[in-house]
């Protein structure tokens, strides 16, 4: 595995590989690698000749009161996991490499970034689309792998790629869960032992909701009420949102039909967890 | 010359050329081709194996009260000129091809888009950077050629390309002028015979300003006053702005030093003309 910190040497490696006809798979991450990332990497390795994983904690996607400074930074651990996972090139740029002095340019997807997580995280998706656009331009991958855990992020990235004609295939990979159902996340480590015991209620509630929708329930309010009471009765979690939206466009649904995304964000203390399930009705 | 209207066939042609190791030069235009465009094309042909010229009147860079509807559309004339000029591929997409239904994504350069033309054309440069980003992604050129006539546009595009890590070399080519000094522009044809006779005052004033700066004048206000009185005394043009800024960053100058861009916008009736000169002091 090569670790590359600068853009020009990376471009050089990639151009050489492309000239030999090799395909490039790309997994963008903020580090703190876990089995979710490993599953993206595995898919990339299966489908491409060369897999590039980036580790960059992107400051522009954190709000002023969010957890940028305490976000886990553990490069040696990540490097080991990346190498074990079969990464060919690990791109690990500094903030100054990505956002040099007098940086001025942003990519923004309107509309679908103001719902769900966008309500409480203004500017978050603008930071995401900007860094992903930059990384696509630097790496020029054939395929890019993102996780369904961040369902809205996946839809927003796909929309950006399609709207701006980036020539890359975005593949969204299933959520990887702990044995008790908790969706893998770099933020799970912030949970206290009690919060960690309570947190599986999110996936349990979603699973129940999925079952009820599959058996014919068409009223989103009933689903939202069910999940709400389930979480409130079984945990100290503070609900930020629970929504039923179209899984492809994120449009809120009045009747549960088509590809339904049931998504939620719940805070356990200062730790914000998200989870979701898709139901095809 | 091949005329291509859709994105996929264009990508296919370009990929085939790239696989053979050919380099691609790209000249983006809004049609109504004139000798200014021809000079960009000539440079592209000299420096690249294949030259692609696009004709697309980009609706997102026109304000609601601007001249989108009356902007000259003369495809047959343009196609002839493109062919004579040695274009290999003419990309001529429809508005629907470029901005399909439910289009949501924009690229924006902050700061330097709020000065000069940005003051009276809010949103204009956001439209420009969005379409240029899309065209770079579609065409994947090695070099792109833009005119110094639109000095601010050239700086904004270079900034976007650098900030977002687009892998393309942006080359800014000199202004081409009519024999009497008027900068070539698709909008010159809107001028009445009297306005056309008056319009060369713009370049004449800039030339005088350049001479005075070259002989040591360091006070931008004196230069601005000189050009103002020159234009007012010799034409019916209404001055929108006259500015002395750093040619690379567009920062307004209090003392004329470094690479100085003297830029102006003047309206003759409803026709808005821009011109500029760069002085290295």
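The values are calculated or read from the model by the stated rules, or taken from the named source; none is laboratory data. Note that this is a predicted model, so its numbers are computed, not measured. For neighbour counting, all protein chains shown are included, and Cβ atoms are generated from backbone atoms with ideal geometry for every residue, glycine included.
Restricting attention to region B:67-89, does a residue exist that is on the phi > 0 side of the Ramachandran plot and away from chain A (no Cβ under 14 Å)?
There is at least one residue in region B:67-89 that is on the phi > 0 side of the Ramachandran plot and away from chain A (no Cβ under 14 Å).
Yes/no per residue for (1) surrounded by 15 or more Cβ atoms within 10 Å (Cβ to Cβ); (2) farther than 20 Å from residue B:252 by Cβ; (3) modelled with pLDDT of 95 or more:
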| position | (1), (2), (3) |
| --- | --- |
| B:196 | yes, yes, yes |
| B:200 | yes, yes, yes |
| B:203 | yes, yes, yes |
| B:210 | yes, no, yes |
| B:213 | yes, no, yes |
| B:216 | no, yes, yes |
| B:226 | yes, no, yes |
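For region A:1-56, what are the residues that are without any contact (Cβ under 8 Å) to a residue 60 or more places away in the chain and more than 23 Å from the chain's Cα centre (by Cα)?
A:8, A:9, A:12, A:15, A:16, A:17, A:19, A:20, A:21, A:22, A:49
Taking region A:96-117, which residues are away from chain B (no Cβ under 11 Å) and in contact with a helix residue (DSSP H, G or I) (Cβ under 6 Å, 6 or more places away or on another chain)?
Of everything in region A:96-117, those that are away from chain B (no Cβ under 11 Å) and in contact with a helix residue (DSSP H, G or I) (Cβ under 6 Å, 6 or more places away or on another chain) turn out to be A:116, A:117.
One residue is enough: does region B:237-246 have a residue meeting the conditions under 30 Å from residue B:136 (Cα atoms) and either in the same structural domain as residue B:24 (by TED's automatic domain parsing) or crowded, with 17+ Cβ neighbours inside 10 Å (or both)?
Yes, region B:237-246 contains at least one residue that is under 30 Å from residue B:136 (Cα atoms) and either in the same structural domain as residue B:24 (by TED's automatic domain parsing) or crowded, with 17+ Cβ neighbours inside 10 Å (or both).
Condition first: touching a residue at least 40 places away in the same chain (Cβ under 8 Å), facing chain B (nearest Cβ under 8 Å) and not in a loop (DSSP other than H, G, I, E, B). Can you find one or more residues in region A:136-147 that meet it?
Within region A:136-147, one or more residues are touching a residue at least 40 places away in the same chain (Cβ under 8 Å), facing chain B (nearest Cβ under 8 Å) and not in a loop (DSSP other than H, G, I, E, B).
Please work out which one of (1) touching a strand residue (DSSP E or B) at 6+ places or on another chain (Cβ under 7 Å); (2) closer than 28 Å to residue B:122 by Cβ; (3) assigned to a helix (DSSP H, G or I) is the condition residue B:45 fails and give its number.
Evaluating residue B:45 over (1) touching a strand residue (DSSP E or B) at 6+ places or on another chain (Cβ under 7 Å); (2) closer than 28 Å to residue B:122 by Cβ; (3) assigned to a helix (DSSP H, G or I) leaves (2) as the failure.
Evaluate the following for residue B:78: is it modelled with pLDDT of 95 or more, under 26 Å from residue B:274 (Cα atoms) and outside the structural domain of residue B:271 (by TED's automatic domain parsing)?
Here the answer is yes, as residue B:78 does meet what is asked.
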